[in-house]
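Shown next, in structure tokens, is the structure this report addresses.
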Amino acid sequence: MSSFSQSSVSSQNSQGTKRKWVLEEDAALVACMVDLHNLGTFNADTGFKASYLNELEKMLGKVLPNAMLKAKPNLESRIWTLKRDWSIIYDMLSGKIIAALVGMSIGSLLLLKMWCGTHI
């Protein structure tokens, strides 16, 4: 018989245990990123400077002291995931996709609507 329980095995990937984020943590992360951007200290032409993750870790440590979030891998990974998941919405709101939508068929528009309904 295995010494690992079924639940601990299923929650692990090849690199270790995957962390589950809750809505409160996501909201705090986004709020802290907005605050960090508004401070202007870590702004660069293409986003944030390289050291912004460490400052973000400190800010989140004050807001969510029991979350134990680390710049790497927690914050870096979650920011990457949020960028990936929300890039289509950003593109739509910024007008990058409007021209493409004009040429889409009704079926494609319905598929897009279904996708947005499951990912938002």
Of the candidates LEU69, LEU60, LEU53, the one satisfying the condition of being modelled with pLDDT of 85 or more, closer than 12 Å to LEU29 by Cβ and assigned to a loop (DSSP other than H, G, I, E, B) is LEU69
Within the stretch 27-46, residues being in a helix (DSSP H, G or I) and among the charged types (D, E, K, R) number 1
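The values are calculated or read from the model by the stated rules, or taken from the named source; none is laboratory data. Every value quoted in this text rests on a predicted model; they were computed, and no experiment measured them. Because the Cβ atoms are built from the backbone with ideal geometry, glycine has one as well, and the counts that use them run over all protein chains shown.
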